[in-house]
Amino acid sequence: MGASDYLAWLSIAAFVLAIGLEWRDEVDAARYVAAGASALFGIFWLTMVPHYWYEMRSPLETLLALAALPLCLYAAFLLVRGRESMLILVRAVAVMGIIYLPVETIPIAREWLIETTAYQTHLAMDLVAESPGLETGDNGYRSRFAFDPDQTATGWTTYIVLACTGIGSMAIFGGLIASVRAPLRRKAVGFVAAVGVIWFLNLVRNVIISLATPHGWFQHDVFVYVATEWMGGVEPQTSFLISHNVLFQPGSVIALIGIAYVVITIVPEVVEPLEEVLYVLTGSEYDLSAALGAEPETGKAAGD
């Protein structure tokens, strides 16, 4: 593991400790521990900036990683100042980390997830165009689509990495749903619905990018200019950079908003951590339940 991985594990462990303190009704101690964890989490995201900018060439992910540090520090400030309602967001982030970090940092778990996603993409690709099969990619996993460079428009192909699996988005909704107090049945239905939609959309995204890259779907002058002058790529990479970084990364944000709305209709309590997120972003209180017409149910049995 690298320094970033250790920072991630340390911050998530601190978030989990804060949850334990809250569970024992040591709320003040929980707030202070969570504040320290939030500051560490912000530093972790700052260490990811070079990766997103130089390796991934992703302006969106770079900006989000840069924004994470001041936002995490502000969240820490709110916790120290006594905003106990922020602890629901702490629970959400802790569960997100518990879901995501094992596949990020444990080689056997990462290999299984990447190669399984690659195989599923290969099968789906065969439904719309002939898949070239899989071979070992630059990441050492059998996740590279074996297009013959002499028989494609660009000579380039793609391989599946962890970010292509959808596990990050699944972890987000797993954390949000787990953080709230709601009947277990509705929470399970909401989680299955979110994971199912994410899995399907992610599969469609992988298939389109994996076909657009070798076949040069976006090798047009205006896109070549954007890819080479603005994104630091070379001309054969244009279709990958445009489809992956320009079309699907912003599209993923829109999709997450849509999935969040679906989840809220099933588990209205999820608005509570989302309201805390909005408070951190804007400094204003919001009543999402009223705005969305998604008032949490009360007086139900725990197994409803």
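In table form, for the structure just shown:
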item	result
Segment 114-167 - Rg (one decimal) and Dmax (whole number), Cα, Å	10.9, 34
Estimated vicinal HN-Hα couplings, Hz - segment 146-161 in sequence order (Karplus 6.51, -1.76, 1.60; Gly, Pro = x)	7, 5, 6, x, 7, 10, 10, 5, 10, x, 10, 9, 10, 9, 7, 10
Value at 222 nm in deg cm²/dmol, rounded to 500, when DSSP H runs of n ≥ 4 in the chain each add -39,500 (n - 2.57)	-21000 deg cm²/dmol
Cα-centre dipole for the chain with unit charges at Cβ (Lys and Arg positive, Asp and Glu negative), debye to 20	520 debye
Kirkwood Rh in Å, taken over segment 1-113 so that all alpha-carbon pairs contribute	14.6 Å
Computed log₁₀ I(q)/I(0) - Debye formula, equal Cα scatterers, no solvent, segment 227-280, q 0.26 Å⁻¹	-0.96
Positive-end extreme of charge dipole, segment 1-91 - chosen from P70, L21, A39 (charges on Cβ)	P70
Segment 31-70 - Kirkwood radius from inverse mean 1/r over Cα pairs (Å)	10.4 Å
Extension reserve of the T105-T228 stretch, reckoned as 0.36 nm per residue once the Cα distance is removed	41.0 nm
Equivalent-ellipsoid semi-axes of the chain, from the Cα gyration tensor, Å, largest first	37, 22, 18
Rh (Kirkwood; distinct C-alpha pairs) - segment 138-282, Å	17.2 Å
Cβ-based exposure ranking for I106, I254, I114, in which fewest neighbours within 10 Å come first	I254, I106, I114
Computed over segment 59-194, the ratio Rg/Rh where both radii use C-alpha atoms and Rh is Kirkwood	1.10
Average silhouette area of segment 144-218, convex hull of alpha-carbon atoms, in square nanometres	5.6 nm²
Per-peptide average of other Cβ atoms within 10 Å, ordering 38-45, 67-74, 161-168 highest first	38-45, 161-168, 67-74
Where the Cα pairs of segment 1-47 fall when distances are cut into 5 Å bins, in %	5, 27, 27, 17, 13, 7, 3, 0
Extension gain (nm, one decimal) between V262 and Y6, 0.36 nm per residue minus Cα-Cα	88.7 nm
For segment 93-161 versus segment 187-260, the gap between their alpha-carbon centres in whole angstrom	14 Å
Phi to ³J(HN,Hα) by Karplus 6.51 cos²θ - 1.76 cosθ + 1.60 over segment 11-25, Hz, x for Gly, Pro	5, 5, 4, 5, 4, 4, 4, 4, 4, x, 5, 5, 4, 8, 6
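All of the numbers you see were taken from the coordinates with simple rules; none came from a lab. All of these numbers come straight from a predicted model, not from anything done at the bench. Here the Cβ is made from the backbone with ideal geometry for all residues, glycine too, and neighbour counts use every protein chain on show.
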